[in-house]
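Just below is one structure, and these are the notes that go with it.
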Amino acid sequence: MKFVVLLAAVAALSSAASFPGKTEHYRGNQLIRITVEYEEDLKWLRNIEEKMNLDFWTDPSTIRPVDVMVPRDFTSEFKRMLNKRELYYKVLRQDLQDDVDNDLAEAMRALQKKARIGIQTLDDFDYSIYHPFDEIQQWATDVANEYSFVTKFKFGETYEGREIGALEIAAPANAMASDPKPVVYFEGGIHAREWISPATVMFFTGKLLEMYNNGDADARRVLGMFDLHIVPSLNGDGYVFTWTDERLWRKSRQPNPDFGCVGTDLNRNFDAFWGQNGASPWPCSIVYRGFTPLNNPETTAVDAHFQALKAAGRVTKVFIDWHSYSQLILAPWSYSSAAELPAESENQLAAAAAMAAAMNSTNSVAGGYIHGPSARLLYEASGASNDYGFASTPAATYTYVVELRDTGEYGFVLPADQILPSGEESYDGVIALLDYVINNDYD
Ligand code: 0X9
Ligand code: ZN
């Protein structure tokens, strides 16, 4: 079945249309940008982040400005503290509830416009708007039905019982390809509010397949040399929650017994240096690491997939966890800035440099994409996907967290008109990265 019925999805969300931000959860909250130059100020901010459990949209570093969401009751006090420390700040968003309301209303308008047109084919799938979870799953079904060498499979189930769909793209092998081909893994949407991630992953996947069918040399080369495993939206429960309740939700939706706070930061829950720096043992923290490594069904699904690949003797070469925002390509290590970089670092960084150069040349996006080892470039985060992909079960040399657009003008509430440019530059980045591997590290 190659048809996508949008009407049902929109009907299911029609109540959401009437209550975007129904809880007025963000009323009066401000987004404050702090420019930091000195290490002592970074330390001070990191301490505040931890002690006060503030939602830092970008983490304290000097590479990008530090954006923090400050609850309405704390804005005056927080500004007083910044003034006292003589830290320069700017209020980027006066009232985040207004931004979130506008964003959801815009997303709903776009969907309703689609619904009016009625039944769609995959050819008409609108990559330029944000799609609810069910439509993302339907997209995966339609893609699998359209291409003979693409299969949709059940990757796992979320805590709330949603099926997490994944695609396997296994095009005929090139003469030079290894047998079996090495695996390239792309994962979107681990953080619920980063809507540009699933949207971008769907776009470049769709483009790659379309270009392949058109006989494009780049698409033929990379799909002939690698099998692609793609999970467009890993954190389905969190993603649905951002559409219906809290647009800025980050974590999973698994409850924490004995605590009122729900959810785990899935990107602190992997079995790689779990529980070290940059992850919290407190369930109410937005960087809560979970009770034990992989104790969420979404991260378990990732690990089960790679355990199975390993058992089958498959090699995973590339592992990318797509996030937003800040425009960064982040290699290991994530858990420590002091740890010696791995021997593979030189290759990892050269490949990331090629990817960044390609991404920058597509649209010359403001601020550019910057690459480097995560903890040194940014801050430490343990139990994160990029260390897991490299040092744990997948053992993929080319493992990254990629932070997509933008650099903070809109942050997580990125307007839909940036989906296509983000998708185009990411497509070019993927080709450049895979070409680096083909030319330098393919066996
Ligand atoms: O904190 C994260 O999980 C990622 N940033 S995000 O804003 N998308 O949440 C970055 C993790 C990369 N690793 C390190 N920063 N060490
Ligand atoms: Zn993220």
At a Förster radius of 25 Å, what calculated FRET efficiency corresponds to the Cβ-Cβ distance of residue 134 and residue 112, to the nearest 0.05? 0.95
What distance in nm lies between label points placed 7 Å from Cα along the C-beta direction at residue 295 and residue 141? 3.5
How do 193-200, 293-300 rank on mean C-beta neighbours within 10 Å, highest first? 193-200, 293-300
How do 273, 203 line up, fewest other C-beta atoms within 10 Å first? 203, 273
I'd like the Karplus ³J(HN,Hα) series for region 325-341: coefficients 6.51, -1.76, 1.60, θ = phi - 60°, whole numbers in Hz, and an x wherever there's a Gly or Pro. 10, 2, 6, 9, 10, 10, 9, x, 8, 9, 7, 8, 8, 8, 4, 4, 5
Taking H placed 1.01 Å from N in the peptide plane, check which residues at least 5 places from residue 63 or on another chain put their amide H under 5 Å from its amide H. none
The chain: translational diffusion in µm²/s, Stokes-Einstein, Kirkwood Rh over Cα pairs, 10 °C, 1.306 mPa s: 72
Residue by residue through region 370-383, which ³J(HN,Hα) values in whole Hz follow from phi under the Karplus form 6.51 cos²θ - 1.76 cosθ + 1.60 (θ = phi - 60°), with glycine and proline marked x? 10, 10, x, x, 3, 5, 7, 6, 10, 5, 7, 8, 9, x
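Estimate the FRET efficiency between residue 175 and residue 73 by the formula 1/(1 + (r/R0)^6), using the beta-carbon distance for r and 51 Å for R0, to the nearest 0.05.
E between residue 175 and residue 73, to the nearest 0.05, is 0.20.
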Between residue 312 and residue 350, what is 0.36 nm times their sequence separation minus the Cα-Cα distance? Round to one decimal in nm. 10.7 nm
What is the set of long-range amide H partners of residue 93 at a cut-off below 5 Å, with H atoms built 1.01 Å from backbone N? 31
Any idea how far apart residue 277 and residue 153 come out in nm if each label point goes 7 Å out from Cα toward Cβ? 3.8
For 152-158, 431-437, ranked highest to lowest by mean beta-carbon neighbours within 10 Å, the order is 431-437, 152-158
Would you work out the relative contact order for region 30-94, in percent, from Cα pairs under 8 angstrom that are 6 or more residues apart? 50
Averaging sequence separations of C-alpha pairs under 8 Å and six or more residues apart, then dividing by the length of region 290-423, give the relative contact order as a whole percent. 39
Around residue 156, which amide H atoms from residues at least 5 apart in sequence, or from another chain, sit under 5 Å from its own amide H, with H modelled in the peptide plane? 164
Using the Cα centre as the reference, give the magnitude of the dipole from point charges on the C-beta atoms of region 30-94 (Lys, Arg: +1; Asp, Glu: -1; all else neutral), rounded to the nearest 20 debye. 280
So what is Rg over Rh here for region 30-94, counting just Cα atoms and using Kirkwood for Rh? 0.90
Neighbour counts of other C-beta atoms within 10 Å: give me 98, 124 arranged from fewest to most. 124, 98
Most fluctuating residue given options 252, 334, 148, as computed from a GNM of the chain linking Cα atoms under 10 Å: 148
Relative frequency of Cα-Cα separations exceeding 25 Å in region 161-282, percent: 40
Ranking request for peptides 180-187, 35-42: highest mean number of other beta-carbon atoms within 10 Å first, then the rest in descending order. 180-187, 35-42
Label model pair residue 37, residue 102: point-to-point distance (7 angstrom along the Cα→beta-carbon line) in nm is 3.2
Pairs of Cα atoms under 8 Å, at least six residues apart: use those to get the relative contact order of the chain, whole percent. 17
Whole-Hz Karplus ³J(HN,Hα) for region 77-89, in order, using 6.51 cos²θ - 1.76 cosθ + 1.60 and θ = phi - 60°, x for Gly and Pro? 4, 5, 5, 4, 5, 5, 4, 4, 8, 6, 9, 7, 9
Footprinting exposure proxy for 160, 344 (fewest neighbouring C-beta atoms within 10 Å first): 160, 344
Where does the Debye-calculated log10 I(q)/I(0) of region 236-279 sit at q = 0.20 Å⁻¹, using only Cα point scatterers of equal weight, no solvent? -0.71
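Read-outs: derived from the displayed coordinates by stated rules, not from any lab. Since the model is a prediction, treat every value here as computed from it, not as a measurement. Virtual Cβ from ideal backbone geometry, glycine too; neighbours counted across all protein chains shown.
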